[in-house]
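The values are calculated or read from the model by the stated rules, or taken from the named source; none is laboratory data. Because the structure is predicted, anything quoted here is derived from the model rather than measured. We place every Cβ from the backbone using ideal geometry, glycine too, and count neighbours over all the protein chains shown. Keep in mind that these areas ignore ligands, DNA and RNA; they rest on the heavy atoms of the full protein, side chains included. Shrake-Rupley method; radii C 1.70, N 1.55, O 1.52, S 1.80 Å.
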Amino acid sequence: MKKLISVLLAVLMLFSVMSISASAAYLNGDSIDDYIDANLDDDHFVAFFDCGPFATKTRINLYDSQTGRFETIENGHTGSFYLVPMNADHMRVGYEFTLPNLLDTDTEDFDGWRSNAFDYVLAGGQTVTITQEMLDDDGIIRFTTVRSASAPTEDTMATVVNILCKIFGAIYGLLFLNGDTEQGVAFVQELLGGILG
């Protein structure tokens, strides 16, 4: 009975982790064209960001299409999102626009943003002047992440074992090998190597 309950709880936890949050009300691809037609002039632009596996590090203001209001999210927003003008003077063609910054993951580093409008990489937090040529036919500039594999983390267990080998090897060398600590360390490493395989 305990095993059955354990399995059921594990399955429930798995589904809760994979569930989709209620943030789906933010503008998506289906509603962005309607929003642009109803709210923006030709001089405005909309920015689309695909964060990939990363989460936002800086504050972003997202428009909630259900409430018709902007919500400030300090950090931690994942997935893709659109940034739209907050007022008549905001996000106009020719104005400077600051790109969001993203947090690295355990396996990948966030290197910056690339757009369909240019070939070079822009860093998160960098400002860019948006021109009409950068926008697609819908008035949107689209950004995707540029990423690289992060440096592998140091093996903590190997570091701890190495330190212990040096400590106990030095003690062994002082007590049993006439003060030869190097030979003591080599002996302990060989002994632990045989035990740990």
On the protein heavy atoms, probe 1.4 angstrom, tell me the percent of accessible surface of region 39-197 carried by carbon and sulfur. 50
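Excluding ASN87 itself, what net charge comes from residues whose Cβ is under 14 Å from its Cβ, given Lys and Arg +1 and Asp and Glu -1?
Numbers: positive: ARG69, ARG92; negative: ASP41, ASP43, ASP89.
Taking every Cβ under 14 Å from that of ASN87, the sum is -1.
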Approximate spin-label separation GLU71-LEU103, in nm, with each point projected 7 Å along Cα-to-Cβ: 1.8
Cα centroid of region 34-87 to Cα centroid of region 91-143, whole Å: 13
Find out how many positive minus negative residues lie around VAL146, taking Lys and Arg as positive, Asp and Glu as negative, among other residues whose Cβ is under 9 Å from that of VAL146. +1
Virtual paramagnetic centre 7 Å along Cα→Cβ of ALA38, amide N under 14 Å, in region 80-112: none
Just order 98-111, 57-70 by mean Cβ neighbour count inside 10 Å, highest at the front, would you? 98-111, 57-70
